[in-house]
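Below: the structure, in structure tokens.
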Amino acid sequence: MTAQLIKGTEIREQILDEIEKEVKEIKEKHNVVPGLVTILVGENPASVSYVSLKVKTAERLGYKEIQDNQPEDISEEDLLALIDKYNKDDSIHGILVQLPLPDHIDDKKILNAIDPDKDVDGFHPVNVGRLMIGGSEVKFPPCTPAGIQEMIVRAGVETSGAEVVVVGRSNIVGKPIAIMMCQKGKGANSTVTIVHTRTKDLEGHCKRADILIVAAGVPGLVKPEWIKKGACVIDVGVNRVGEKISEKTGKKVAILRGDVDFDAAKEIAGYITPVPGGVGPMTITMLMRNTLNSLKFRQGLM
Ligand code: GUN
């Protein structure tokens, strides 16, 4: 059997079309568009490329988009003042500070300064708390876990009563997706286990999973023989394992591998996400949805 591919690139297009339509309707009825500011400190090449993709996506959807680039040596005080300015700006519904920040800046202090009602990344402790409570309390689910859940739902995978095993316990992916999958509601109601570097029997846990979500950042960590026949495998790993010359552009590009051995795993799994083109494209898509929802909360449309 060859697994059904869950393609983030295709699901992204469906969701962006839905968002674009809604943005047009809201603009016609209420004369307002979602406003997103992306703050980039310094010139970390990966961050520059992520931010430019966020900006392009926001522009395609008709958002008001401000890209606020700041020098590497900006003081913590000046960055806090900038956030305060955008917290007070009514045309801005989402504030995103691209991570990582330079070492002289305390990123917790910065993230905690963002108005929780504009925190479209979902990293502020208030939003982490809202996620933990679940249901209608949740305003901004963090973007990568939200993307994972959306992919599982749109692929038609049954989650209610399913054994979900999450490999990895990061604040950005592992912990929030585990919480989301065990809440009451659509695309959830699962029985969840989190495994990590100190887990004694990683293989045994993975073998039980109906839905295996791997966010460890270790290329090829999950072996094909650890996958239950017909399971849904979500590979969040994006590991640079080398470079190659792109056939399309003739330029050097990174060779990316997931945390799962895709070629062998797809012969066993029922559903699987590829790397690249799987979970990756969903993160920015969910950022756009959170920004739209922020506007809708403000306008009393949600
Ligand atoms: N850096 C890498 N991923 C992210 C993300 O999802 N949000 C922010 N703010 N920074 C990041």
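Note down all Cβ pairs under 8 Å where the first residue falls in the stretch 43-72 and is in contact (Cβ under 8 Å) with a residue 60 or more places away in the chain, the second is among the charged types (D, E, K, R) and assigned to a helix (DSSP H, G or I), and they're at least six residues apart or on different chains.
Every condition considered, the pairs that remain are Leu61/Glu20.
State whether the residues of the stretch 79-95 include one that is within 16 Å of the ligand (Cβ to nearest atom), hydrophobic (A, V, I, L, M, F, W, C), in contact (Cβ under 8 Å) with a residue 60 or more places away in the chain and out of contact with any Leu (no Cβ under 8 Å at 6 or more places or on another chain).
Checked against the condition, which is being within 16 Å of the ligand (Cβ to nearest atom), hydrophobic (A, V, I, L, M, F, W, C), in contact (Cβ under 8 Å) with a residue 60 or more places away in the chain and out of contact with any Leu (no Cβ under 8 Å at 6 or more places or on another chain), the stretch 79-95 yields no hits at all.
Just the residues that are under 22 Å from Val153 (Cβ atoms), within 22 Å of the chain's Cα centre (by Cα) and not hydrophobic (A, V, I, L, M, F, W, C), please, taken from the stretch 204-256.
Across the stretch 204-256, the qualifying residues are Asp210, Asp235, Gly237.
Looking at the stretch 22-36, is at least one residue without any contact (Cβ under 8 Å) to a residue 60 or more places away in the chain and within 13 Å of the ligand (Cβ to nearest atom)?
There is no residue in the stretch 22-36 that is without any contact (Cβ under 8 Å) to a residue 60 or more places away in the chain and within 13 Å of the ligand (Cβ to nearest atom).
How many residues does the stretch 142-162 contain that are assigned to a loop (DSSP other than H, G, I, E, B) and within 16 Å of the ligand (Cβ to nearest atom)?
If we filter the stretch 142-162 for residues that are assigned to a loop (DSSP other than H, G, I, E, B), which is where we start, we get 142, 155-162.
Remaining after also requiring within 16 Å of the ligand (Cβ to nearest atom): 142.
Result for the stretch 142-162: 1.
Determine, yes or no, whether Lys186 is assigned to a loop (DSSP other than H, G, I, E, B) and either at pLDDT 95 or above or not hydroxyl-bearing (Ser, Thr, Tyr) (or both).
On the way: assigned to a loop (DSSP other than H, G, I, E, B): yes; either at pLDDT 95 or above or not hydroxyl-bearing (Ser, Thr, Tyr) (or both): yes.
Spelling it out, Lys186 is indeed assigned to a loop (DSSP other than H, G, I, E, B) and either at pLDDT 95 or above or not hydroxyl-bearing (Ser, Thr, Tyr) (or both).
Taking interchain pairs and intrachain pairs at least six residues apart, which have beta carbon atoms under 9 angstrom, with the first residue in the stretch 118-130 and more than 16 Å from Ile95 (Cβ to Cβ) and the second of a type in the set (D, E, K, R) and crowded, with 19+ Cβ neighbours inside 10 Å?
Note: pairs meeting the criteria are Val128/Lys175; Arg130/Lys139.
Can you tell which of Gly129, Gly161 is surrounded by fewer than 20 Cβ atoms within 10 Å (Cβ to Cβ) and in contact with a strand residue (DSSP E or B) (Cβ under 9 Å, 6 or more places away or on another chain)?
Working: Gly129 fails: in contact with a strand residue (DSSP E or B) (Cβ under 9 Å, 6 or more places away or on another chain).
Going through Gly129, Gly161 in turn, just one is surrounded by fewer than 20 Cβ atoms within 10 Å (Cβ to Cβ) and in contact with a strand residue (DSSP E or B) (Cβ under 9 Å, 6 or more places away or on another chain): Gly161.
Mind checking whether some residue in the stretch 163-170 is more than 12 Å from the ligand (Cβ to nearest atom), under 27 Å from Glu13 (Cα atoms), at pLDDT 95 or above and not aliphatic (A, V, I, L, M)?
No, the stretch 163-170 contains no residue that is more than 12 Å from the ligand (Cβ to nearest atom), under 27 Å from Glu13 (Cα atoms), at pLDDT 95 or above and not aliphatic (A, V, I, L, M).
The values are calculated or read from the model by the stated rules, or taken from the named source; none is laboratory data. Fair warning: this is a prediction, and the values are worked out from it, not measured in the lab. Cβ: placed from backbone, ideal geometry, glycine included. Neighbour counts: every protein chain shown.
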